[in-house]
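Every number here is computed from the coordinates shown, using simple stated rules; none is lab data. Just so it is clear, the structure is predicted and the values come from calculations on it, not from any experiment. Quick reminder, even Gly has a Cβ in these numbers, built from the backbone with ideal geometry, and neighbours come from all protein chains shown.
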Protein chains: 2
Amino acid sequence: MSRRPPLSRPRILEAAVAFADEHGADALTMRKVADALGFRVMSLYNHVANKNEMLTGMVDLVVGEIEPPPTRGSWQELMQASAASAHHVLLRHPWAASEWSKRHPGPNRLRYMDDILRILTEADLGPSIVYRGYHAITMHIVGFTLQEAGFEGEMASDFEQMAQDFLDQMSDQLPYLAEHVRGHLDPCGHGDEFAFVLSLILDGLERAARPRG
Amino acid sequence: MSRRPPLSRPRILEAAVAFADEHGADALTMRKVADALGFRVMSLYNHVANKNEMLTGMVDLVVGEIEPPPTRGSWQELMQASAASAHHVLLRHPWAASEWSKRHPGPNRLRYMDDILRILTEADLGPSIVYRGYHAITMHIVGFTLQEAGFEGEMASDFEQMAQDFLDQMSDQLPYLAEHVRGHLDPCGHGDEFAFVLSLILDGLERAARPRG
DNA sequence: ACCTGAACACCGTTCAAGT
DNA sequence: ACCTGAACACCGTTCAAGT
């Protein structure tokens, strides 16, 4: 707990990410970040333009944690591996999926985008499938994690209680939803849903590019 | 422009949605909503618990605009129609996709969830595919629109300029990304990407449920 | 060059007072 | 029952002053 190593942009972003990880993005405040570092608010502005730019930097820092894709394997394997790493990173930083789509890409994200596009291009799927596939895949990675994070953030411990109340009151009016909620309460899981849905997309792209694959 | 019809919860939510549509969710303020209605801030609190609860109500109001699924057609057709309506609604309210995943479902959203699950259940895909398919589909609808909204919000008019600058500076370091950006600049579009990716998911679900379909 | 105190315009929300 | 003024604790950010 050594207080006051010197202030710097990386140290600020690091502390801000840690704070958001623990307390959520809504609670993130310039003053709180400064407190966590042992400085006063205004000191931050010597290294960061403003809160918005700080958040952009935070997202790019998080993107930097994603493992680069492996060098060997089928294009689906490369993509699954890269997506799994991105998924893990975004689950570690539950606020980041929501910010991802709101901000300009920084250097790490540009690098990441290029990696994904390289895999697709070298898979020889044709320019149109590469173009659309890229959007489908990034949408899945961010969108799916966003849904998971929102789900866990909101509910977590009291989900079971809420679900029970819902089942008691609404089962007859919304029977299909009731059945789905029972699925969520089922302790034996449904396997890796993230990878499952991604495989639907990847297989679909492969089939669209090479109908007689 | 008749000022001051009486205040009420629906009128507040309506005004708040209109304000967020025009100025974005970040600019939304209790004081601004009150101003737009011709009242003072504190009057709002007689009809809404607080800003958070107001936002939850706003999302549910928007979900209420989604058309119920048609009554006839293949399950894929029903799903495509329902998803297209949801997509249009979320594009009309670009802030809503981002809030969707952060808030508890209200009555309209519970109804909507039940509709989606009914389509899947009656398609006879089996409980496991229904469960996972539901998550895949809602993830697509919200996630894809979120990406579109973020894209248009951030850039819009100056996107072409930014893209040109990027191409001039970075083409050699990030060649695959550069090619993708050229695709975005291409005036002849790439068709309905939203429906294309959804069809990948729907076909994949069908195939997973009935391998010899 | 980096840190900071004081100040400004703005938040969401509470409470007590009006009608 | 519904509206509101004053007040509180908190924001992000500017500016001028310190070292």
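The modelled label-to-label distance between B:Leu7 and A:Arg182, using points 7 Å beyond Cα along the C-beta direction, is 4.6 nm.
With each label modelled as a point 7 angstrom along the Cα→C-beta vector, the B:Glu65-B:Arg92 pair spans 0.4 nm. Among rounded, prolate and oblate, which fits chain B when a ≥ b ≥ c are the square roots of the eigenvalues of its C-alpha gyration tensor, a/c under 1.5 means rounded, and a/b larger than b/c means prolate? It is oblate, given that a/c is not under 1.5 and a/b is not larger than b/c.
If R0 is taken as 30 Å, the Cβ-Cβ distance between B:Arg31 and B:Asn108 corresponds to a FRET efficiency of 0.65. B:Phe194 sits among other residues whose Cβ lies under 11 Å from its own Cβ, and their net charge, with Lys and Arg +1 and Asp and Glu -1, is -2. Partner shielding of A:90-99 amounts to 1, given as the average count of beta-carbon atoms from other chains within 10 Å of each residue beta-carbon. Seen from A:His140, the other residues with C-beta closer than 14 Å to its C-beta sum to a net charge of -3, counting Lys and Arg as +1 and Asp and Glu as -1. Distance between the pseudo-spin-label points of B:His190 and B:Glu160 (7 Å out from Cα toward the beta carbon): 2.0 nm. Counting other Cβ atoms within 10 Å, which trypsin sites (Lys or Arg not before Pro) in the stretch B:47-140 have at most 12 and lie in a DSSP loop? For trypsin sites (Lys or Arg not before Pro) across the stretch B:47-140 that sit outside H, G, I, E and B with at most 12 neighbouring Cβ atoms in 10 Å, the list reads B:Arg72.
On the basis of the beta-carbon distance and an R0 of 45 Å, A:Met170 and A:Asp21 show a calculated FRET efficiency of 0.85. For the segment B:197-204, counting C-beta atoms of other chains within 10 Å of every residue's C-beta and taking the mean gives 6. Inter-chain neighbour count for A:137-148: the average number of beta-carbon atoms from partner chains within 10 Å of each residue's beta-carbon is 6. Rounded to the nearest 0.05, the FRET efficiency derived from the C-beta distance between B:Asn50 and A:Val41 at R0 = 30 Å is 0.70. Distance from the Cα centroid of the stretch A:157-213 to that of the stretch B:1-45 is 37 Å (rounded to whole angstrom). Counting only Cβ charges, +1 for Lys and Arg and -1 for Asp and Glu, the dipole size of the protein assembly as shown around its Cα centre is about 1040 debye. Taking the alpha-carbon centroid of each part, what is the distance from the stretch A:46-125 to the stretch B:61-75 in angstrom? Rounded to whole Å, the Cα centres lie 34 Å apart. Residue order for A:Ser82, A:Ser74, fewest other beta carbons within 10 angstrom first, comes to A:Ser74, A:Ser82.
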